[in-house]
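One structure below.
The values are calculated or read from the model by the stated rules, or taken from the named source; none is laboratory data. Keep in mind it's a predicted model, so treat the numbers as computed, not measured. A quick note on method: Cβ atoms are made from the backbone with ideal geometry, for glycine too, and the neighbour counts reach across all protein chains shown. For the accessible areas, the whole protein counts, side chains as well, though only heavy atoms, and no ligand, DNA or RNA atoms are used. Shrake-Rupley method; radii C 1.70, N 1.55, O 1.52, S 1.80 Å.
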Amino acid sequence: MLNKPVLVESLIVFVIVLSVHAVVWDRYSWCAVALAVQAFYVQFKWDRLLQLGGAVFQFRTAANSGLLPASMVIPLLGIAMKERCKAAGIVYFERFGIVVASTGMLVALFLSVIAVGITKPVPTNTCILTGVAGSIIIYTMKHSLTVSEVIEVLEVLLIFVYLSMILLYLLPRCFTPGEALLVLGGLSFVLNQLIKRSLNVVEGRGDPIDFLLLVAVVGVVLLGLFFTVLFIFMDSGTWISSMFFHMMTAVLGLGVIMPWLYRLIQRNPLFWLLQFLFQTQTRVYLLAYWTFLAASACGVVFYQNAKRSSESKKHQASTVTRKYFHFIVVATYVPGLIYDRQLLYVAAVLCLAVFIFLEYIRYFRIKPLGQTLRHLLSLFLDERDSGPLILTHIYLLLGMSLPVWLFPRSCAPKGTLSGAGALVPYSGVLAVGVGDTIASIFGSTMGEIKWPGTKKTFEGTMTAIFAQIIAVALILIFDSSVNLNSSYAWILASVSLVSLLEAYTTQIDNLLLPLYLQIMFM
């Protein structure tokens with residue numbers, strides 16, 4: 001049987017799914033409910049495969065499979081986007097939301113079929129349930145999507161299959177099946193969008209900052225794949241290999257990524273970026289402020305490592321110490337959200353590219369910084385960093401940035417959505433920056449009553465909910481663009497459900513919680 005925390009986590013996800021479809025019930029709601037039911041049953045098969053070591057790839061062992069919560073994220077995001085853009089009368093993005101929802105459902109269904117297929121003996125009841133859910137989804141897609149949209153969904157599925165085989169083989173124990181679904185599913189969609197837009201470039205159409213996101217994400221992933229294959233045949237820790245790494249990075253960056261971006265935005269990417277960053281005095285002040293915060297974060301890392309050197313008994317940073325970075329990230333994002341969201345969008349993209357590039361340097365032991373980064377970051381490892389890559393800081397950045405990147409700007413004529421939707425860009429700040437941080441600090445220092453079957457405490461969850469409500473009140477005071485239109489009960493319910501999910505999930509909360517809060521707000 002499934003253990004109690006998994007059952008409660010599943011119940012919370014079902015409540016979120018039903019809450020969304022209580023507001024918007026249409027043909028896609030049947031698909032989402034059917035997908036959730038079959039994912040719940042298949043999740044048990046994945047958990048059993050992980051316990052017995054029967055999965056095809058090596059997944060992260062300190063957590064359950066997380067298939068149900070991960071399976072619902074992309075479909076619910078697509079459905080929420082469809083409804084918002086339909087209300088705004090933007091047909092193109094309404095169709096785009098349908099494609100996103102259909103893609104998420106098909107990719108999640110594929111992962112379920114894999115689990116059922118490799119389970120021995122074959123689980124007859126689960127097979128029937130998966131078949132029924134698949135039939136409902138395919139029937140709905142047949143009557144909802146055009147031929148070109150069906151081809152696009154199948155393209156993403158094909159990319160997902162190939163990326164899964166490559167990255168899960170190269171990166172053992174870095175993901176659970178649910179985290180792999182989220183990360184690789186999102187990456188597959190980004191790659192497909194970049195290919196599609198590159199083949200259909202129309203001058204003056206599309207926002208350059210969206211193209212920057214697509215090219216940056218695909219560029220750093222392709223860079224990592226290239227060097228992974230290269231360093232199979234040579235030692236990455238030598239000076240010659242390190243010089244070759246830096247040289248090839250420059251060649252690929254200037255010879256492939258820059259021309260690719262030039263084709264999409266129809267202007268010199270470097271000149272455009274410099275002009276964008278220093279366009280107004282407000283942006284200069286924000287960049288200076290963020291530079292100071294980045295230096296402060298580096299100072300925390302150096303100070304904690306110096307402290308470790310003097311205290312030989314202390315090998316790992318405490319939970320409270322790791323949450324310093326959450327406070328720094330909140331201090332980074334809030335001014336950007338209030339004063340210049342486009343600048344925050346671009347800065348987050350650049351920061352993600354830098355984080356991933358530094359992780360390559362650490363992983364491949366590239367001189368002169370590789371070994372130093374390994375030593376400095378080892379202090380902040382936790383049980384979720386069980387694979388060859390350290391991903392928790394990248395997940396933190398993604399959790400804060402995804403609500404900003406995924407905000408449907410084209411469907412918000414005044415730059416903001418109405419009601420609780422106005423808080424969508426703040427989802428990462430509220431769920432991770434405030435809620436998760438406060439829950440961890442108060443739970444670990446003052447918590448006594450534990451939620452059944454978990455290490456999380458009742459006090460931590462309650463203080464997290466209270467802190468997020470206070471944060472919403474402060475956002476209302478300082479951000480004049482936010483108008484909640486009396487949707488306070490929905491906001492309280494959304495924050496409470498996501499905080500309960502934080503208490504029971506064993507997945508990467510930095511990635512999962514902001515997406516669910518964004519879905520509820522949208």
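Here is the figure for segment 58-92: residues that are open to solvent by 20 Å² or more (accessible area, probe 1.4 Å) and closer than 21 Å to Glu152 by Cβ total 9.
Of the residues making up segment 451-462, none is acidic (Asp, Glu), touching an Asp or Glu at 6+ places or on another chain (Cβ under 8 Å) and either touching a residue at least 40 places away in the same chain (Cβ under 8 Å) or not in a helix (DSSP H, G or I) (or both).
Being more than 16 Å from the chain's Cα centre (by Cα), over 19 Å from Ala471 (Cβ atoms) and free of Cβ contacts under 8 Å to residues at least 40 places away in the same chain is true of Ser378. Looking at Ile166, Ile151, Ile128, Ile138, just one residue is open to solvent by 30 Å² or more (accessible area, probe 1.4 Å) and within 15 Å of Ala101 (Cβ to Cβ), and that residue is Ile138. Filtering Pro208, Pro172 for residues that are under 24 Å from the mean Cα position of the chain (by Cα), within 18 Å of Leu111 (Cβ to Cβ), at pLDDT below 90 and not charged (D, E, K, R) leaves a single hit, Pro172. If you go through segment 386-403 one residue at a time, do you hit one that is without any contact (Cβ under 8 Å) to a residue 24 or more places away in the chain and crowded, with 20+ Cβ neighbours inside 10 Å? Scanning segment 386-403, I find no residue that is without any contact (Cβ under 8 Å) to a residue 24 or more places away in the chain and crowded, with 20+ Cβ neighbours inside 10 Å, so the answer is no. With the condition kept exactly as written, say whether any residue in segment 7-24 is more than 18 Å from Ile519 (Cβ to Cβ) and modelled with pLDDT of 85 or more. Scanning segment 7-24 turns up at least one residue that is more than 18 Å from Ile519 (Cβ to Cβ) and modelled with pLDDT of 85 or more. What are the residues in segment 479-494 that are part of a helix (DSSP H, G or I) and under 25 Å from the mean Cα position of the chain (by Cα), if any? Result: Trp490, Ile491, Leu492, Ala493, Ser494. In this entry, Phe227 is excluded by the filter for residues that are open to solvent by less than 10 Å² (accessible area, probe 1.4 Å), under 19 Å from the mean Cα position of the chain (by Cα) and not acidic (Asp, Glu). Beta carbons closer than 9 Å, at least 6 apart along the sequence or on distinct chains, pair a first residue in segment 274-296 that is among the β-branched types (Val, Ile, Thr) with a second that is open to solvent by less than 50 Å² (accessible area, probe 1.4 Å) and part of a helix (DSSP H, G or I) for Thr280/Leu343; Thr282/Leu343; Val284/Leu277. Looking at Arg95, is it touching a Cys at 6+ places or on another chain (Cβ under 7 Å), open to solvent by 10 Å² or more (accessible area, probe 1.4 Å) and assigned to a helix (DSSP H, G or I)? No.
Within the set Ser188, Ser144, the sole residue that is outside any helix (DSSP H, G or I) and either in contact with a His (Cβ under 7 Å, 6 or more places away or on another chain) or open to solvent by less than 80 Å² (accessible area, probe 1.4 Å) (or both) turns out to be Ser144. Yes or no: Leu476 open to solvent by less than 10 Å² (accessible area, probe 1.4 Å), part of a helix (DSSP H, G or I) and not polar (S, T, N, Q)? No: the conditions fail for Leu476. For segment 457-473, what are the residues that are open to solvent by less than 70 Å² (accessible area, probe 1.4 Å) and either more than 24 Å from the chain's Cα centre (by Cα) or not small (Gly, Ala, Ser) (or both)? Thr457, Glu459, Thr461, Thr463, Ile465, Gln468, Ile469, Val472, Ala473 - these are the residues of segment 457-473 that are open to solvent by less than 70 Å² (accessible area, probe 1.4 Å) and either more than 24 Å from the chain's Cα centre (by Cα) or not small (Gly, Ala, Ser) (or both). The residues of segment 481-499 that are over 16 Å from Gly421 (Cβ atoms), surrounded by fewer than 21 Cβ atoms within 10 Å (Cβ to Cβ) and small (Gly, Ala, Ser) amount to a single one, Ser496.
Of the residues Tyr360, Tyr324, Tyr333, Tyr345, the single one that is aromatic (Phe, Trp, Tyr), surrounded by 15 or more Cβ atoms within 10 Å (Cβ to Cβ), over 26 Å from Phe407 (Cα atoms) and at pLDDT 90 or above is Tyr360.
Check segment 142-149 and report whether any residue there is closer than 18 Å to Val190 by Cβ and touching a residue at least 24 places away in the same chain (Cβ under 8 Å). Checked segment 142-149: at least one residue is closer than 18 Å to Val190 by Cβ and touching a residue at least 24 places away in the same chain (Cβ under 8 Å).
Condition (residue is farther than 30 Å from Ser410 by Cβ, among the small types (Gly, Ala, Ser) and within 23 Å of the chain's Cα centre (by Cα)) applied to segment 79-98: is it met by at least one residue? Scanning segment 79-98, I find no residue that is farther than 30 Å from Ser410 by Cβ, among the small types (Gly, Ala, Ser) and within 23 Å of the chain's Cα centre (by Cα), so the answer is no.
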